[in-house]
Each structure stands twice: as structure tokens, then as C-alpha cells.
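See structure below.
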Amino acid sequence: MVKTQKKQYYYPNNMGRIILLAIEDVIGRNGLDAILNLAGLSDVIENLPPVNFERQFSFDRLSRIMSSIESYFGPRAGRGLALRSGRACFKYGLREYGPMLEASDKAFRLLPLTTKLDKGSEIFAGVFNRFTDQQVRLEIIDDIILWQIERCPICWQRTTEAPACHLAVGILQEALYWMSGGKCFQIEETACIAQGEPACTIEINKTPLS
């Protein structure tokens, strides 16, 4: 369920475009069109956001899209599709935001893995905090990174029974895979604003699974 709201926040247009292209990669063009129609966003079908940093892609639009994916495909399948879309988002995002990620520097690549994950997460959070209205706060406790989204576009104004920010989890899965040079990690959303929590908290275990 999506709540009514007054105050609006935004992603930049190019980030909105990245998300839509990533979803299209996962569910196909017809699937994306169906989701946009269900979300009441038929105007976007032939009018993808432009490639610029203007903050015009609203949190409301993204939340409606993610809610519609779950409604159209069902909660379980929708979760899987959102995770896959998140991973695709990161690949597209590297083209636009890669130069801003110092994680690609040779010096970064030579850091110990845990240091690399800590520093890389800080850099990645900084991109969101700088270029979007999303607010990310990090807390690092031993071998755990808590990625806390205090203003979340994915579950914006929604009420759900379970954590709903699977797109963000998928993005982080792919980001850590890239930072670590091909390792996988346990990443799970443990709290969600849509469930009444103060922040969407994604717990990252820095010990690789593989």
C-alpha cells in the first residue's frame, strides 16, 4: 500500500533512467510497459528521463514502480526481480558515476579487503548523499556494515509487512562484488521504514561467502 504524501524528494534524471533500463533488462520491454501502466506512469513509457543530473525523478514514482512489480508478479517473484534489477542498476550506474567512485583507483584495489569494503561503502554512500535526496548513514561494527537509508525512495510512503527495499539490496550486492574483485557477501535488509522503522537498515557481513 502506498500512502498519500505532500513533501516530495528526487533522484537525478540519469539515475531514474538507469533504474528503468535495468528493470527493462530483467523483465523485458513489454514487462516494463505493463509495470508503468499499473503504476499510473504511462507517460514514462515513451519518455524516459534524460541523461542529466537534474533532480526530477521523484521518490513517489520509484516507490510506485517497485510496488507495482510486487503487485504484478507477486511478492516472492517481485522480490527476486527487484534484486536482479538492483544488480543491473549498478552495472549501468558505473557508466555515469564510475569516475566518482575512487574504488576504481589502483591504490584502492591494493587495500586489505575489510578496509576496502569500509572505504568503498563510504564512497558509495557519498554518491547518494551528494547527488540525490536520499539520505544514507553508515555504521561499522566489527565485521558488519549497517547501510541505513534514513530517507528511502524505494519504499517511499509505503506500508508493508516485510522489508521492501530489495532493489537497494541488489545494488549493494553488485557493488560489493565489484569492489572485492568478485566475492559474494551476505546482505540482508533487517529493518524498513515501510514497516514503521526509523530507517531502512541493510546489514552487510564483511566476511565473504565465496
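The values are calculated or read from the model by the stated rules, or taken from the named source; none is laboratory data. All values derive from a computational prediction rather than experimental measurement. Quick reminder, even Gly has a Cβ in these numbers, built from the backbone with ideal geometry, and neighbours come from all protein chains shown.
What to note about this one:
- Flag for Glu197 being more than 22 Å from Gly74 (Cβ to Cβ), surrounded by fewer than 16 Cβ atoms within 10 Å (Cβ to Cβ) and at pLDDT 95 or above: yes
- Qualifying residue in the range 154-164 (condition: touching a Leu at 6+ places or on another chain (Cβ under 9 Å) and under 19 Å from Ser58 (Cα atoms)): yes
- Checked against (1) under 19 Å from His166 (Cα atoms); (2) over 17 Å from the mean Cα position of the chain (by Cα); (3) in contact (Cβ under 8 Å) with a residue 40 or more places away in the chain, Val51 passes all but condition (1).
- Neighbours by Cβ (under 6 Å, 6+ apart or cross-chain): first from the range 121-146, in contact (Cβ under 8 Å) with a residue 40 or more places away in the chain and over 23 Å from Phe59 (Cβ atoms); second surrounded by 13 or more Cβ atoms within 10 Å (Cβ to Cβ) and aliphatic (A, V, I, L, M): Ile145/Ile204
- Selection count where residues are in contact with a Leu (Cβ under 7 Å, 6 or more places away or on another chain), assigned to a helix (DSSP H, G or I) and either at pLDDT 95 or above or not β-branched (Val, Ile, Thr) (or both), scope the range 33-64: 3
- Helices (runs of 4 or more DSSP H) (entirely within the range 86-205) containing at least 2 residues that are within 23 Å of Ile18 (Cα to Cα): 113-131, 166-179
- The numbered conditions (1) touching a Leu at 6+ places or on another chain (Cβ under 8 Å); (2) under 16 Å from Cys200 (Cα atoms) are all true for Ser85 except (2).
- The set of residues in the range 45-96 that are surrounded by fewer than 19 Cβ atoms within 10 Å (Cβ to Cβ) and aromatic (Phe, Trp, Tyr) comprises Phe53, Tyr72, Phe73, Tyr92.
- Just one of the listed residues (Arg87, Arg130) is in contact with an Asp or Glu (Cβ under 7 Å, 6 or more places away or on another chain), closer than 29 Å to Val51 by Cβ, of a type in the set (D, E, K, R) and at pLDDT 90 or above, namely Arg87.
- The residues of the range 133-155 that are over 15 Å from Asn205 (Cβ atoms) and either touching a helix residue (DSSP H, G or I) at 6+ places or on another chain (Cβ under 9 Å) or at pLDDT below 90 (or both), listed by number, are Asp133, Gln134, Gln135, Val136, Arg137, Ile149, Glu150, Arg151, Cys152, Pro153, Ile154, Cys155.
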